[in-house]
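The values are calculated or read from the model by the stated rules, or taken from the named source; none is laboratory data. Bear in mind that the values here come from a model prediction, so they are computed numbers and not experimental data. Backbone-built Cβ (ideal geometry, glycine too); neighbour counts: all protein chains shown. Ligands, DNA and RNA are stripped out before the accessible areas are found, and what is left, the full protein with its side chains, is counted by its heavy atoms. Shrake-Rupley method; radii C 1.70, N 1.55, O 1.52, S 1.80 Å.
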Amino acid sequence: KRSAQISTISPIKKNEKNKYCVYEARRAILNYAFQALSLNKIYGGTLYPENKSYMIKNMCMGFEIEGINHDSQWYNNKPIMGINYFMTKSIFIKKKIIDTRIDKLLSKKNRNLNEKKLSKIISFLHIK
């Protein structure tokens, strides 16, 4: 079982020219990991709800939720939840991530569908 963790950094100021650069980079990293390195799984994590928009876009790119970490970190003496996500080589191939245009993957319709999906997953897994 070969896997690796993914991480990318977003530009501070987004404009029309660079608005998809993080996701283009992620797709290239995924393609390289699955094709050249023969990895089977890529995983990552992010804070929620601070990075909700980022997580929704990751889901649009084909990532799936693996679970949540309650009290993942503490900020201003308050717990922050973390979300673990992943993509397998078979998901990458099945969803044709490499062949689909980034703007189509991140379309408003796709973002709305994944926002609803994320909300359902969080409400199911979140301890209140």
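What number goes with the only condition from (1) in contact (Cβ under 8 Å) with a residue 60 or more places away in the chain; (2) surrounded by fewer than 16 Cβ atoms within 10 Å (Cβ to Cβ) that Leu105 does not pass?
Answer for Leu105: the failing condition is (2).
Looking at (1) out of contact with any Leu (no Cβ under 9 Å at 6 or more places or on another chain); (2) in contact (Cβ under 8 Å) with a residue 24 or more places away in the chain; (3) among the β-branched types (Val, Ile, Thr), can you tell me which one Thr100 breaks?
Exception for Thr100: condition (2).
Please indicate, with yes or no, whether at least one residue in segment 84-92 is aliphatic (A, V, I, L, M) and modelled with pLDDT under 95.
Scanning segment 84-92 turns up no residue that is aliphatic (A, V, I, L, M) and modelled with pLDDT under 95.
Only one of (1) under 22 Å from Ser123 (Cα atoms); (2) surrounded by 16 or more Cβ atoms within 10 Å (Cβ to Cβ); (3) of a type outside the set (Gly, Ala, Ser) fails for Glu66. Which number is that?
(2)
Which of the residues spanning segment 18-46 are open to solvent by 30 Å² or more (accessible area, probe 1.4 Å) and polar (S, T, N, Q)?
If the condition is that a residue be open to solvent by 30 Å² or more (accessible area, probe 1.4 Å) and polar (S, T, N, Q), then Asn18, Asn31, Gln35, Ser38, Asn40 are the ones that fit.
Of the residues Asn76, Asn15, which is more than 12 Å from the chain's Cα centre (by Cα), at positive phi and open to solvent by 60 Å² or more (accessible area, probe 1.4 Å)?
Going through Asn76, Asn15 in turn, just one is more than 12 Å from the chain's Cα centre (by Cα), at positive phi and open to solvent by 60 Å² or more (accessible area, probe 1.4 Å): Asn76.
Any residue at all in segment 73-96 that's more than 17 Å from Tyr23 (Cβ to Cβ), assigned to a strand (DSSP E or B) and touching an Asp or Glu at 6+ places or on another chain (Cβ under 6 Å)?
So far as segment 73-96 goes, yes, one or more of its residues are more than 17 Å from Tyr23 (Cβ to Cβ), assigned to a strand (DSSP E or B) and touching an Asp or Glu at 6+ places or on another chain (Cβ under 6 Å).
Output the residue which, of all residues in segment 43-64 that are at pLDDT below 95 and in a strand (DSSP E or B), is nearest to Ile93 (Cα to Cα).
Looking at the filtered set, the residue picked out is Tyr43.
Look at Lys52 and say whether it is of a type in the set (Lys, Arg), under 18 Å from Thr8 (Cα atoms) and in contact (Cβ under 8 Å) with a residue 40 or more places away in the chain.
When the stated conditions are applied, Lys52 passes them.
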